[in-house]
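These notes concern the structure reproduced below.
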Amino acid sequence: MKLLYKDAETREAMMLVEAAPGSSIPEHVHGGVEWALVLEGTMEDDEGVVTAGNFVYRPAGSRHSVRMPNGAKYVGFFHGSARMTSNGQLFPSYED
């Protein structure tokens, strides 16, 4: 993961993520909005599959986990943070 942009005051961040085949992101709840553009591979959740060249929007309050059976490379833009349901950890964190 490469941080491209982060502003703690506005609570915005942009990152480039490269995930290996079989990777997953555990269940989390979005406290703000997330936009993701898939560049390679696929991102899957219970709502469907997002393939390379496609864009997905997750509104504040949405809850899901993400699977990447083929791996994925994507650019994610966050306004706010998501909270992991297993341990309460925020991602991204604006505290550092």
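Every number here is computed from the coordinates shown, using simple stated rules; none is lab data. Since this is a predicted model, take the numbers as computed values, not measurements. Virtual Cβ from ideal backbone geometry, glycine too; neighbours counted across all protein chains shown.
Taking K and R as +1 and D and E as -1, what net charge do the other residues with C-beta under 13 Å from the C-beta of A72 add up to? List each step's numbers first, then the result.
Values: positive: R67, K73; negative: E18, E40, E44, D45.
Residues close to A72 contribute a combined charge of -2.
Would you mind computing, in nm to one decimal, how far apart the modelled labels at A20 and Y94 are, each placed 7 Å from Cα along Cα→Cβ? It is 3.3 nm. The residues neighbouring S23, those whose beta-carbon lies less than 14 Å from its own, together hold a net charge of -2 under the Lys/Arg +1, Asp/Glu -1 convention. Label-to-label distance, K6 versus K73, with points set 7 angstrom from Cα along the beta-carbon direction: 2.3 nm.
Each residue of segment 76-81 was assigned a 3J(HN,Hα) from its phi angle through the Karplus curve 6.51 cos²θ - 1.76 cosθ + 1.60 (θ = phi - 60°); the sequence is x, 10, 10, 10, x, 10 Hz, with glycine and proline shown as x.
Arrange V56, V38, V29 by Cβ neighbour counts within 10 Å, fewest through most, would you?
Values: V56 18, V38 22, V29 14.
If I rank by nearby Cβ atoms, fewest first, I get V29, V56, V38.
Contact order for the chain, expressed relative to its length and based on alpha carbon pairs under 8 Å spaced 6+ residues apart, stands at 37 percent.
Do any GluC sites (Glu not before Pro) in segment 4-96 lie in a DSSP loop with no more than 15 other beta carbon atoms within 10 Å, and if so, which? Show your work: numbers first, answer last.
Details: sites: E9, E12, E18, E27, E34, E40, E44, E47, E95; in loops: E9, E47, E95.
Here the GluC sites (Glu not before Pro) that fit, given the DSSP loop and packing criteria, are E9, E47, E95.
Summing Cβ point charges (Lys, Arg +1; Asp, Glu -1) relative to the Cα centre of the chain gives a dipole of roughly 40 debye. With coordinates expressed along the principal axes, the C-alpha atoms belonging to the chain extend over 34, 27, 20 Å, beginning with the largest.
Just report the Cα centroid separation between segment 1-26 and segment 37-91, whole Å. Using only Cα atoms, the two centres lie 10 Å from each other.
Around G41, under 13 Å between beta carbons, what's the net of Lys plus Arg minus Asp minus Glu among the other residues?
Numbers: positive: R67, K73; negative: E18, E40, E44.
Net of charged neighbours comes to -1.
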